[in-house]
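Right, one structure below, let's go through it.
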Amino acid sequence: MAHCALNVALYGALSRWSMTERSHAVCHRDQYHFQIGPSSLSCNDEGLVWKIDEIANPIPRRLQGEVFDHMGKAWQSDVFSLTADASHRWGPLQPRARIKVRFERPALQWEGWAYVDANEGDEPINQGFSDWDWSRAHLPDHSTAVLYDVRSPGMEPQSSNILALRFASGEKPEAFSPGVRQSLGRTAWGIHRHSFREGEKATRLEESLEDTPFYARSVIRATMLGHDVVAMHETLDARRFASPWVQSLLPWRMPRQA
């Protein structure tokens with residue numbers, strides 16, 4: 001077990017970023033506990049607990065705190081293929097859960113809604129994908145809408161594999177029509193962002209949270225299943241990620257430690 005990292009991203013006035021890659025010497029795992037250097041993740045009948053003790057980068061600043069996810073045993077087991085040959089898979093472990101966040105450094109705390117999911121694959125990410133857009137929104141009935149818009153190498157420019165799913169507690173995931181695909185414009189690094197328009201009202205970009213050479217995280221305002229929502233949105237360009245010049249930049253944001 002090597003090359004493990006805990007990614008922490010805080011936004012706003014106390015913004016921080018940490019994603020330090022650890023070697024097998026300081027990573028340990030059993031059925032209920034995962035140790036990644038000085039940080040850890042544990043689970044029990046109540047939920048998940050993250051204990052965070054990291055150094056932010058590229059500007060070194062301490063990140064210390066705890067996140068508690070009160071999800072109990074309400075795990076979803078559905079797994080969805082993101083590529084035609086099922087070599088990359090995604091599954092929502094818990095589409096909606098209450099969390100408590102308590103940080104000592106920096107000093108902040110809040111409670112709110114969160115989700116837990118998992119991704120896995122049998123090959124390097126750039127072999128299965130050229131790029132993708134993802135978004136997730138809470139709906140007024142406490143369900144969650146998730147959109148995956150995936151393009152694979154060799155696809156026609158306007159073609160994609162789309163997952164549009166609504167998750168509600170205790171129910172099977174329900175597919176819905178995502179609407180019409182539309183552009184959200186380019187990022188400062190030239191990455192194309194896309195989403196979907198339901199009806200005549202265009203989806204629009206509200207805020208850019210991360211803008212990197214291969215990845216963007218944003219807040220968008222959209223209509224999903226007839227509701228006006230604010231959604232998290234991500235775009236990944238796997239071809240850009242695999243390029244040598246981007247790989248040479250990664251240690252600035254994802255340093256390695258023994």
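The values are calculated or read from the model by the stated rules, or taken from the named source; none is laboratory data. Here the structure is a predicted model, which means the values were calculated and not measured. Don't worry about glycine lacking a Cβ; one is built from the backbone with ideal geometry, like all the others, and counts go over all protein chains shown. All accessible areas refer to the heavy atoms of the entire protein, side chains included, with ligands and DNA or RNA removed. Shrake-Rupley method; radii C 1.70, N 1.55, O 1.52, S 1.80 Å.
Residue pairs whose Cβ atoms lie under 8 Å apart, separated by 6 or more positions or on different chains, with the first residue in segment 99-118 and open to solvent by 100 Å² or more (accessible area, probe 1.4 Å) and the second at pLDDT 95 or above and small (Gly, Ala, Ser), are Glu104/Gly65; Arg105/Gly65.
Elements of the type strands (runs of 3 or more DSSP E) sitting completely within segment 193-246 and holding at least 3 residues that are within 20 Å of His88 (Cβ to Cβ) and either in contact (Cβ under 8 Å) with a residue 60 or more places away in the chain or not hydrophobic (A, V, I, L, M, F, W, C) (or both): these cover 227-237. Of all residues in segment 7-27, those satisfying the criterion of being surrounded by 13 or more Cβ atoms within 10 Å (Cβ to Cβ) and either over 28 Å from Tyr215 (Cα atoms) or in contact with a Gly (Cβ under 8 Å, 6 or more places away or on another chain) (or both) are Thr20, Arg22, Val26, Cys27. Taken together, Arg193, Arg151 contain a single residue that is among the charged types (D, E, K, R), at pLDDT 95 or above, open to solvent by less than 20 Å² (accessible area, probe 1.4 Å) and in contact with a strand residue (DSSP E or B) (Cβ under 8 Å, 6 or more places away or on another chain), which is Arg193.
Taking the criterion of being modelled with pLDDT under 80 and farther than 18 Å from Arg136 by Cβ, the residues of segment 71-83 that qualify are Gly72, Lys73, Ser77. Just one of the listed residues (Ala25, Ala13, Ala2) is closer than 29 Å to Asp131 by Cβ and either of a type outside the set (Asp, Glu) or not in a loop (DSSP other than H, G, I, E, B) (or both), and it is Ala2. Across segment 84-95, the qualifying residues are those that are assigned to a strand (DSSP E or B) and open to solvent by 40 Å² or more (accessible area, probe 1.4 Å), and the one among them that is modelled with the highest pLDDT is Arg89. Evaluation of Phe103 against the conditions (1) within 30 Å of Gly170 (Cβ to Cβ); (2) in a strand (DSSP E or B) shows that the sole unmet condition is (1).
Any chance segment 133-148 includes a residue that's under 19 Å from Met232 (Cβ atoms), β-branched (Val, Ile, Thr), at pLDDT 90 or above and surrounded by 13 or more Cβ atoms within 10 Å (Cβ to Cβ)? So far as segment 133-148 goes, yes, one or more of its residues are under 19 Å from Met232 (Cβ atoms), β-branched (Val, Ile, Thr), at pLDDT 90 or above and surrounded by 13 or more Cβ atoms within 10 Å (Cβ to Cβ). Within segment 212-258, if we keep just the residues that are open to solvent by 20 Å² or more (accessible area, probe 1.4 Å) and farther than 30 Å from Cys27 by Cβ, the residue that is nearest to the chain's Cα centre (by Cα) turns out to be Val219. Flag set for Val180, criterion: of a type in the set (Val, Ile, Thr) and open to solvent by 60 Å² or more (accessible area, probe 1.4 Å). Scanning segment 31-56 for residues that are β-branched (Val, Ile, Thr), farther than 15 Å from Phe68 by Cβ and open to solvent by 20 Å² or more (accessible area, probe 1.4 Å) yields a total of 1.
Residues in segment 123-138 that are under 27 Å from Glu206 (Cβ atoms) and without any contact (Cβ under 8 Å) to a residue 60 or more places away in the chain: there are none. Looking only at residues in segment 60-70 that are modelled with pLDDT of 90 or more and of a type outside the set (Lys, Arg), the one that is surrounded by the fewest Cβ atoms within 10 Å (Cβ to Cβ) is Pro60. Within the set Glu111, Glu66, Glu123, the sole residue that is closer than 23 Å to Ala231 by Cβ and more than 18 Å from the chain's Cα centre (by Cα) turns out to be Glu111.
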